[in-house]
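The values are calculated or read from the model by the stated rules, or taken from the named source; none is laboratory data. From a predicted model like this one, the values you see are computed outputs, not experimental measurements. Here the Cβ is made from the backbone with ideal geometry for all residues, glycine too, and neighbour counts use every protein chain on show. Side chains included, ligands, DNA and RNA excluded: accessible areas come from the protein's heavy atoms. Shrake-Rupley method; radii C 1.70, N 1.55, O 1.52, S 1.80 Å.
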Amino acid sequence: MSVISKRKKWINKKKRISFKIRKRIQHPRLVVFRSNRNIFLQLVDNISNDTICSSSSIDKKLVKSISKAENKIDMSRIVAEDLVSKLKSNKLDTIVFDRNGYRYHGRVKAVADTLRKNGITL
(Lines give C-alpha, C1' and ligand atoms only; values in the text may rest on other atoms or scores of the structure.)
Protein backbone atom coordinates (compact mmCIF):
# COMPACT_ATOMS: atom_id res chain seq x y z
CA MET A 1 0.00 0.00 0.00
CA SER A 2 1.48 3.33 -1.02
CA VAL A 3 1.11 6.65 0.72
CA ILE A 4 -0.50 9.37 -1.35
CA SER A 5 1.05 12.76 -0.79
CA LYS A 6 -0.98 15.88 -0.01
CA ARG A 7 -0.19 17.37 -3.43
CA LYS A 8 -1.27 14.18 -5.23
CA LYS A 9 -4.60 14.25 -3.37
CA TRP A 10 -5.09 17.88 -4.38
CA ILE A 11 -4.35 17.09 -8.04
CA ASN A 12 -6.85 14.20 -7.99
CA LYS A 13 -9.49 16.50 -6.48
CA LYS A 14 -8.79 19.11 -9.19
CA LYS A 15 -9.31 16.47 -11.87
CA ARG A 16 -12.64 15.33 -10.36
CA ILE A 17 -13.96 18.89 -10.14
CA SER A 18 -12.76 19.78 -13.63
CA PHE A 19 -14.46 16.69 -15.10
CA LYS A 20 -17.79 17.64 -13.50
CA ILE A 21 -17.50 21.23 -14.68
CA ARG A 22 -16.73 20.31 -18.29
CA LYS A 23 -20.15 18.64 -18.48
CA ARG A 24 -21.69 22.11 -18.19
CA ILE A 25 -19.87 23.41 -21.23
CA GLN A 26 -22.26 26.14 -22.40
CA HIS A 27 -20.90 28.77 -19.97
CA PRO A 28 -17.33 29.97 -19.44
CA ARG A 29 -15.63 28.82 -16.25
CA LEU A 30 -13.95 30.96 -13.63
CA VAL A 31 -10.77 29.31 -12.36
CA VAL A 32 -9.46 30.41 -8.96
CA PHE A 33 -5.83 29.99 -7.98
CA ARG A 34 -4.63 31.18 -4.61
CA SER A 35 -1.08 31.27 -3.38
CA ASN A 36 0.08 32.19 0.09
CA ARG A 37 0.16 35.91 -0.76
CA ASN A 38 -1.89 36.45 -3.92
CA ILE A 39 -5.06 35.35 -5.67
CA PHE A 40 -5.57 34.91 -9.41
CA LEU A 41 -8.92 34.71 -11.23
CA GLN A 42 -9.17 33.62 -14.84
CA LEU A 43 -12.23 33.23 -17.04
CA VAL A 44 -11.72 30.41 -19.56
CA ASP A 45 -13.86 29.44 -22.54
CA ASN A 46 -14.42 25.68 -22.24
CA ILE A 47 -14.76 25.02 -25.94
CA SER A 48 -11.58 26.67 -27.23
CA ASN A 49 -9.65 26.78 -23.91
CA ASP A 50 -8.91 30.48 -24.43
CA THR A 51 -8.72 33.03 -21.64
CA ILE A 52 -11.52 35.58 -21.95
CA CYS A 53 -10.37 37.86 -19.14
CA SER A 54 -8.38 37.66 -15.94
CA SER A 55 -7.70 39.58 -12.77
CA SER A 56 -5.15 39.13 -10.02
CA SER A 57 -3.83 40.79 -6.92
CA ILE A 58 -0.59 41.69 -8.71
CA ASP A 59 -2.26 43.79 -11.42
CA LYS A 60 -0.69 47.23 -11.63
CA LYS A 61 -4.00 49.09 -11.66
CA LEU A 62 -5.10 47.42 -8.40
CA VAL A 63 -1.91 48.07 -6.40
CA LYS A 64 -3.22 51.17 -4.58
CA SER A 65 -6.52 49.64 -3.54
CA ILE A 66 -4.92 46.34 -2.52
CA SER A 67 -2.32 48.09 -0.38
CA LYS A 68 -5.21 49.54 1.66
CA ALA A 69 -6.74 46.09 2.26
CA GLU A 70 -6.51 44.86 5.83
CA ASN A 71 -6.28 41.14 5.06
CA LYS A 72 -6.23 38.63 2.22
CA ILE A 73 -10.02 38.22 2.22
CA ASP A 74 -10.46 41.96 1.54
CA MET A 75 -7.82 41.67 -1.17
CA SER A 76 -9.82 38.84 -2.76
CA ARG A 77 -12.97 40.97 -2.75
CA ILE A 78 -11.15 43.81 -4.53
CA VAL A 79 -9.86 41.43 -7.21
CA ALA A 80 -13.36 39.95 -7.66
CA GLU A 81 -14.88 43.43 -8.08
CA ASP A 82 -12.31 44.18 -10.79
CA LEU A 83 -13.27 40.94 -12.53
CA VAL A 84 -16.96 41.89 -12.32
CA SER A 85 -16.28 45.10 -14.21
CA LYS A 86 -14.47 43.11 -16.91
CA LEU A 87 -17.34 40.61 -17.11
CA LYS A 88 -19.88 43.42 -17.49
CA SER A 89 -17.82 44.95 -20.31
CA ASN A 90 -17.78 41.54 -22.06
CA LYS A 91 -21.56 41.24 -21.45
CA LEU A 92 -21.27 38.00 -19.48
CA ASP A 93 -23.62 37.38 -16.58
CA THR A 94 -23.54 33.57 -16.15
CA ILE A 95 -20.37 31.62 -15.41
CA VAL A 96 -19.36 28.30 -13.85
CA PHE A 97 -17.26 28.58 -10.69
CA ASP A 98 -14.19 26.31 -10.61
CA ARG A 99 -12.69 26.37 -7.13
CA ASN A 100 -9.71 24.36 -8.41
CA GLY A 101 -9.62 21.86 -5.55
CA TYR A 102 -9.68 24.45 -2.78
CA ARG A 103 -12.18 24.28 0.06
CA TYR A 104 -15.14 26.63 -0.26
CA HIS A 105 -14.31 28.98 2.59
CA GLY A 106 -12.19 32.05 3.24
CA ARG A 107 -10.83 33.74 0.13
CA VAL A 108 -12.56 31.40 -2.32
CA LYS A 109 -15.94 32.02 -0.68
CA ALA A 110 -15.28 35.78 -0.60
CA VAL A 111 -14.73 35.76 -4.37
CA ALA A 112 -17.94 33.82 -5.02
CA ASP A 113 -20.01 36.01 -2.68
CA THR A 114 -18.68 39.21 -4.29
CA LEU A 115 -19.55 37.93 -7.75
CA ARG A 116 -23.09 36.99 -6.67
CA LYS A 117 -23.56 40.33 -4.91
CA ASN A 118 -22.68 42.18 -8.12
CA GLY A 119 -25.19 40.26 -10.26
CA ILE A 120 -23.14 37.43 -11.74
CA THR A 121 -24.92 34.06 -11.75
CA LEU A 122 -22.72 31.14 -10.69
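Values computed for the structure shown
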read-out: Filter pass, residue 86 being charged (D, E, K, R), open to solvent by 30 Å² or more (accessible area, probe 1.4 Å) and part of a loop (DSSP other than H, G, I, E, B); value: no
read-out: Single condition residue 18 does not satisfy, out of (1) closer than 21 Å to residue 120 by Cβ; (2) of a type in the set (Gly, Ala, Ser); (3) open to solvent by less than 50 Å² (accessible area, probe 1.4 Å); (4) free of Cβ contacts under 8 Å to residues at least 40 places away in the same chain; value: (4)
read-out: Of all residues making up the stretch 66-83, the number that are surrounded by 15 or more Cβ atoms within 10 Å (Cβ to Cβ), small (Gly, Ala, Ser) and more than 16 Å from residue 54 (Cα to Cα); value: 1
